[in-house]
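Have a look at the structure below, then the notes.
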Amino acid sequence: MSFKGAVRARCPKGCEEGDYEVWSFVRGDQSEDLRLSVLAGDLNLVRCAECGQVFFPESTLVYYDLRSELIAFVFPESYRGDEVRWRAKMKEDYGQMSAALGGETKALGEPLVCFGLSELSAVLRSDDDLE
């Protein structure tokens, strides 16, 4: 099951902040449409209600795909400068997630950390090419 959440964001043109619905947890092995959206690089693309500008609000995403034996934590590109902090956060969150999933994640090993959806898209394309 995949999950959406709301984030507060301001469009790049400086319009009023708004609440935008984004995917926060995607089961790529259960939703081909969401997997294809990640591949296309348009997952969580939103449109500003005020000016119509299309943009990606800063949000994090966990991508989970047992079929591809992949779990990835996707952080906004702007978080790259503080990578050590975000890797530590990922390890903490992954421990909690593993406990909640009852060990289902053990076969997946260490999660992949990506900064920006394009990094995850490249990994999925590479996996598809190998198949």
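Convex hull volume per residue, computed on the Cα atoms of the chain, equals 114 Å³. Computed over neighbours whose Cβ is under 9 Å from that of F115, the net charge equals -2, Lys and Arg +1, Asp and Glu -1. In this calculation the C-beta distance from L36 to L112 is compared with R0 = 22 Å, giving a FRET efficiency of 0.70. Accessible area per residue for the chain, computed on protein heavy atoms with a 1.4 Å probe, is 57 Å².
Ranking M1, M90, M97 by solvent-accessible area of protein heavy atoms (1.4 Å probe, all protein chains present), from largest to smallest, gives M1, M97, M90.
Counting 0.36 nm for each residue step from E50 to L66 and taking away their Cα separation leaves a gain of 1.8 nm.
Every helix of 4 or more DSSP H residues in the chain counts as -39500 (n - 2.57), and over all residues that averages to -10000 deg cm²/dmol at 222 nm.
Counting charges near F56 (Lys, Arg +1; Asp, Glu -1) among other residues having Cβ under 12 Å from its Cβ returns a value of -2. Ordered by 1.4 Å accessible area with all protein chains kept, K13, K4 run largest first as K13, K4. With a Förster radius of 25 Å, plug the Cβ-Cβ distance of R125 and E16 into 1/(1 + (r/R0)^6) and report the FRET value to the nearest 0.05. Efficiency, rounded to the nearest 0.05: 0.10.
The values are calculated or read from the model by the stated rules, or taken from the named source; none is laboratory data. All figures in this text were calculated on a predicted structure; none of them were measured in a lab. Please note: Cβ atoms are built from the backbone with ideal geometry, for glycine as well, and neighbour counts cover all protein chains shown. Ligands, DNA and RNA are excluded from the accessible area calculation, which covers all protein heavy atoms including side chains. Shrake-Rupley method; radii C 1.70, N 1.55, O 1.52, S 1.80 Å.
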